Amino acid sequence: QKRGAEIIGLRKLSSAASAASAVCDHIYTWFSDSPRVHSMAIISNGEYGVDNGLCFSYPVVCKGGSYKVLTNWKWPAEIQKRIDATVAELKEERDMALKALA
C-alpha cells in the first residue's frame, strides 16, 4: 500500500516509471514462452479458493501469449495467511465498490 511512496523516497522519481517498466516486463514475459514460473494478475476462476471474478496474482507459466495457472502450488502457512488477508481486502474493496454503484 505504500510502495509508490517508498519508490519516490528511494529513487527521488515518480513511481510511474517503475509501473511502466513492470507493465513492459509483464507483457514481455507473457509472450516470451519462458518455462519459468511467473506471477501474473488475472481474473480468478476460483483457483486457490479466491472468489471468482477477483483480480489476483497467481503462479503461471506463459506460452504463445497464453498462460496457465499452476494449481498445485504449496504455500507455507505464513504465506497462506498473507494470501487470505489480501483476498479479504479485495473482497471488501469489491463489495464497497458495488455498494457505491447501487
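The values are calculated or read from the model by the stated rules, or taken from the named source; none is laboratory data. If you're wondering where the values come from, they're calculated on a predicted model, not measured in any experiment. We work out accessible area using only protein heavy atoms, side chains counted, and drop any ligands, DNA or RNA first. Shrake-Rupley method; radii C 1.70, N 1.55, O 1.52, S 1.80 Å.
A few notes on this one:
- Search result, residues across the stretch 21-55 that are open to solvent by 50 Å² or more (accessible area, probe 1.4 Å), part of a loop (DSSP other than H, G, I, E, B) and over 26 Å from Pro76 (Cα atoms): Asp33
- Residues that are modelled with pLDDT of 90 or more, among the basic types (Lys, Arg) and either within 28 Å of Asp95 (Cα to Cα) or open to solvent by 60 Å² or more (accessible area, probe 1.4 Å) (or both) do occur in the stretch 56-77.
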